[in-house]
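Peer 1: Let me begin by handing over the structure; questions about it come next.
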């Protein structure tokens, strides 16, 4: 099952649970669409004002048009086109996302890397093919790596942005959906919404609760069987949960799986101990960047990175089916899948 179908499956389970449990409105309102290269699903449980959904979808479209690396008129594409030539002035929200991206790149020493674009283009991993008869050569990877370095992303006054060398390319695929979820949450809150599920391709934000103080129950994906039984269930209110895993977009070459999470140190898809990592946070933009970061860093370095971050929790699923969670999830995460071993 491909990534988009997996998202649909997870969403249906979550929404069926929400519909059966909530007592805030008999007929929740919802809106779906395809943006940011993924399926968008928004669902509100305590109002019937469809205009709120229109405003939120319009905002997501605006974010895509400003931050996509594949839309030629976007701010990001303009920065890329002018790499090594001149700075480009961008919208305030684009500058904010780039500031956050560079913050996490610096914090993680490039485990999260906003200038990963040349490697993303080289590997071109998508949902359209599951088998390939070739992969990039070592020489091609090394050449692309020469143009990957967050230190050469310059954020200047008056929202000007500059990539120092020709051939560099930004790609915000590892952070922009989290920001989009934050913006939908802001719009919902400004319009009085207190109970909603925001799902941007599996980047989920739950607002409020299901009713009567009952938390939402969100399944944590089993990376070995994404369409099957969950690893476990999380009980959450007012939280973002974002998962990165090797099961999302990948292809097989010579019997080996090559997934879409590329390690900027090696130029190849990350090949560590982790098969999936979920970040629970207050802000989606943080969870989005950190899910990629911790997947690449692995359990020990990942835990070390976030141990002093307030309001950030994590669940790691390793390739040998161990589940490691941070202390703040005690009592919130229920693992009832006997295939996995919970390590505390």
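The values are calculated or read from the model by the stated rules, or taken from the named source; none is laboratory data. Every value quoted in this text rests on a predicted model; they were computed, and no experiment measured them. Counting neighbours? That spans all protein chains shown, and the Cβs are built from the backbone with ideal geometry, glycine included.
Peer 1: Considering the range 143-160 alone, what residues qualify as being within 30 Å of residue 280 (Cα to Cα) and surrounded by 20 or more Cβ atoms within 10 Å (Cβ to Cβ)?
Peer 2: If the condition is that a residue be within 30 Å of residue 280 (Cα to Cα) and surrounded by 20 or more Cβ atoms within 10 Å (Cβ to Cβ), then 148, 150, 153 are the ones that fit.
Peer 1: If you check 278, 264, 291, which single one turns out to be modelled with pLDDT of 95 or more and in a strand (DSSP E or B)?
Peer 2: 278
Peer 1: Same structure, new question: Only one of these is outside any helix (DSSP H, G or I) and in contact with a helix residue (DSSP H, G or I) (Cβ under 6 Å, 6 or more places away or on another chain): 112, 104. Name it.
Peer 2: So the residue among 112, 104 that is outside any helix (DSSP H, G or I) and in contact with a helix residue (DSSP H, G or I) (Cβ under 6 Å, 6 or more places away or on another chain) is 112.
Matching residues to (1) free of Cβ contacts under 8 Å to residues at least 24 places away in the same chain; (2) outside any strand (DSSP E or B); (3) buried (at least 16 other Cβ atoms within 10 Å of the Cβ):
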| residue | (1), (2), (3) |
| --- | --- |
| 194 | no, yes, no |
| 204 | no, no, yes |
| 223 | no, yes, yes |
| 233 | no, no, yes |
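Peer 1: Within the range 261-279, which residues are within 22 Å of residue 322 (Cα to Cα) and either surrounded by fewer than 17 Cβ atoms within 10 Å (Cβ to Cβ) or touching a helix residue (DSSP H, G or I) at 6+ places or on another chain (Cβ under 8 Å) (or both)?
Peer 2: 261, 269, 270, 271, 272, 273, 274, 276, 277, 278, 279
Peer 1: Here's another thing I want to ask about it. Output the number of the condition that residue 248 fails; it satisfies all remaining conditions of (1) out of contact with any strand residue (DSSP E or B) (no Cβ under 6 Å at 6 or more places or on another chain); (2) at pLDDT 95 or above.
Peer 2: (2)
Peer 1: Looking only at the range 129-150, filter to residues that are over 15 Å from residue 167 (Cα atoms) and in a helix (DSSP H, G or I); which one of those is farthest from the chain's Cα centre (by Cα)?
Peer 2: 139
Peer 1: Which residue, of 210, 283, 217, is crowded, with 22+ Cβ neighbours inside 10 Å, touching a helix residue (DSSP H, G or I) at 6+ places or on another chain (Cβ under 8 Å) and touching a residue at least 24 places away in the same chain (Cβ under 8 Å)?
Peer 2: That would be 210, the only listed residue that is crowded, with 22+ Cβ neighbours inside 10 Å, touching a helix residue (DSSP H, G or I) at 6+ places or on another chain (Cβ under 8 Å) and touching a residue at least 24 places away in the same chain (Cβ under 8 Å).
Peer 1: Next up: Being more than 16 Å from the chain's Cα centre (by Cα), within 20 Å of residue 155 (Cα to Cα), in a helix (DSSP H, G or I) and at pLDDT 95 or above: is that true of residue 76 here? First the steps, then the outcome.
Peer 2: Working: more than 16 Å from the chain's Cα centre (by Cα): yes; within 20 Å of residue 155 (Cα to Cα): yes; in a helix (DSSP H, G or I): yes; at pLDDT 95 or above: yes.
Criteria met by residue 76.
Peer 1: Sticking with this structure for a sec: Identify, from the list 99, 92, 72, the residue that is surrounded by fewer than 24 Cβ atoms within 10 Å (Cβ to Cβ) and free of Cβ contacts under 8 Å to residues at least 40 places away in the same chain.
Peer 2: Just one listed residue meets the conditions, 72.
Peer 1: Follow-up. Under 8 Å by Cβ, and 6 or more places apart or on different chains, what pairs join a residue from the range 44-64 that is at positive phi and in a helix (DSSP H, G or I) with one that is surrounded by 23 or more Cβ atoms within 10 Å (Cβ to Cβ) and at pLDDT 95 or above?
Peer 2: Listed pairs, sorted by first residue: none to list.
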